[in-house]
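Enquirer: Structure in structure tokens, see below.
Read-outs: derived from the displayed coordinates by stated rules, not from any lab. In this text the structure is predicted, and so the values were computed from the model without any measurement. When we count neighbours, we look across all protein chains shown, and the Cβ atoms used for this are built from the backbone with ideal geometry, even at glycine.
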Amino acid sequence: MPLGVCELCPRRCAAGRFSPGGVRGWCGAADVPRVFRWGPHFGEEPPLVEGGGSGCVFFSRCTMKCLYCQNSPWSWKGGGEDKTIPELTAIFRELAVKDKCANWNLVSPTPYLPFIREAVAPLIAEGIRLPFVWNSSGYERVETLEEYGDLCDWALFDLRYSRNETAIAASAAPNYVEASRAAVKWAWSKKRLIVRILVLPGHADEAIENLAWLATEVSNEVAVSVMAQYTPAYKGLETPPFDRPVTKEEYESVVEAASDFGFGNGWIQGYEASDPKLALLGENMPRGHGSVR
Ligand code: SF4
């Protein structure tokens with residue numbers, strides 16, 4: 001994929017981000033990596049947090065615009081700091097050497113993949129390399145996953161919507177269904193994969209449709225992480241049905257479907273695990289280095 005214009009995500013906005021005096025992409029990303037926070041995260045799925053926790057780097061901006069985003073200070077509003085490549089290298093070094101994290105967990109990395117590869121190269125040359133977790137909404141291009149597959153030892157992808165009209169209305173993400181499903185299929189054939197199913201209020205049927213698709217078109221041996229933690233945030237507070245938590249009945253219908261479809265690997269949050277304080281962690285998290293619990 002030639003650099004110059006950006007077509008890293010399925011939106012393919014073709015912004016001239018990588019040319020001299022480049023412009024910002026639809027996602028807001030510019031010609032330098034921008035990071036909000038980094039540090040060991042102990043709240044990710046169990047295989048990712050063994051030892052020193054998962055070494056998260058929360059990149060600013062996002063290829064989707066979810067009305068209910070819990071990370072709006074940096075996903076929508078671009079909070080964080082521009083980093084030079086050596087500064088980004090130092091972040092990855094700190095996570096590996098000082099924090100002794102189990103992996104490098106790239107949170108919403110897609111607009112910055114070329115910079116990430118450049119930043120980790122000197123560390124890898126020194127023999128410092130942690131497994132990479134590609135942690136995203138699942139709104140990815142297979143061509144990009146192929147090209148940057150060296151940055152993906154674990155794929156931690158959402159399957160958020162089963163209908164494109166919901167993906168457009170709630171996340172401004174055209175063709176989300178095709179893109180996320182192709183990304184999941186790609187990851188299952190090559191990588192360690194965890195699929196996150198965040199149950200959304202008023203849209204539990206879409207979570208069930210995604211589980212049905214996963215069981216029939218991929219495998220019910222995929223590790224799924226079914227999440228009850230949705231808490232209204234940001235523009236979701238004023239946009240029904242995203243202005244309310246998921247009901248117990250909605251959540252239980254998804255849990256029951258996961259069992260009916262034979263999913264045996266993964267994690268099912270208890271309904272009571274939906275702690276608003278935890279779910280809104282992103283809204284209150286300071287920028288810079290620090291752990292996330
Ligand atoms: S990653 Fe950003 S700049 Fe690149 S194609 Fe997607 S929206 Fe455009």
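Enquirer: Just to be sure I understand: if I project the alpha-carbon convex hull of the range 153-293 onto a plane and average over all orientations, what area do I get in nm²? List each step's numbers first, then the result.
Expert: Details: hull surface 36.2 nm².
Value for the range 153-293: 9.1 nm².
Enquirer: Sticking with this structure for a sec: So for the range 160-219, Kirkwood radius off the Cα pairs, Stokes-Einstein at 25 °C and 0.890 mPa s: how many µm² s⁻¹? Before the final figure, lay out each step's value.
Expert: Details: Rh = 11.9 Å.
The Stokes-Einstein estimate is 206 µm²/s.
Enquirer: A further question follows. Give the share of C-alpha pairs in each 10 angstrom bin for the range 37-289, from 0 to the last occupied bin, in whole percents, shortest bins first.
Expert: The calculated distribution, bin by bin, is 7, 31, 39, 19, 4, 0.
Enquirer: Measure off 7 Å from each Cα along the Cα-to-Cβ vector at Glu87 and Trp267, then give the distance between these two points in nanometres to one decimal.
Expert: Once both label points are built, they end up 3.2 nm from each other.
Enquirer: Turning to a different aspect of this structure: So what is the relative contact order of the chain, in percent, for Cα pairs below 8 Å that sit 6 or more residues apart? Let's see the in-between values first.
Expert: Values: 612 pairs, mean separation 54.6, N = 293.
Answer for the chain is 19 percent.
Enquirer: Taking the radius of gyration and the Kirkwood hydrodynamic radius from Cα positions alone, what is the Rg/Rh ratio for the range 122-223, to two decimal places?
Expert: Numbers: Rg = 14.7 Å, Rh = 14.3 Å.
Across the range 122-223, the Cα-based Rg/Rh ratio is 1.03.
Enquirer: By count of other Cβ within 10 Å, fewest leading, how are Glu256, Glu206 ordered?
Expert: Glu256, Glu206
Enquirer: Then there's this: What Kirkwood radius, in Å to one decimal, follows from the Cα pairs of the range 1-109?
Expert: Working: mean 1/r = 0.0671 Å⁻¹.
Value: 14.9 Å, from the Cα pair sum.
Enquirer: Here is a follow-up. Return a whole-number percent for the relative contact order of the range 156-293, with Cα pairs under 8 Å and 6 or more residues apart as the contact set. Provide the component values of the computation, followed by the final result.
Expert: Working: 196 pairs, mean separation 33.4, N = 138.
The normalised contact order for the range 156-293 reaches 24 percent.
Enquirer: While we're on this one: Nearest 5 percent is fine: what portion of the DSSP beta bridges confined to the chain is antiparallel?
Expert: 20 percent
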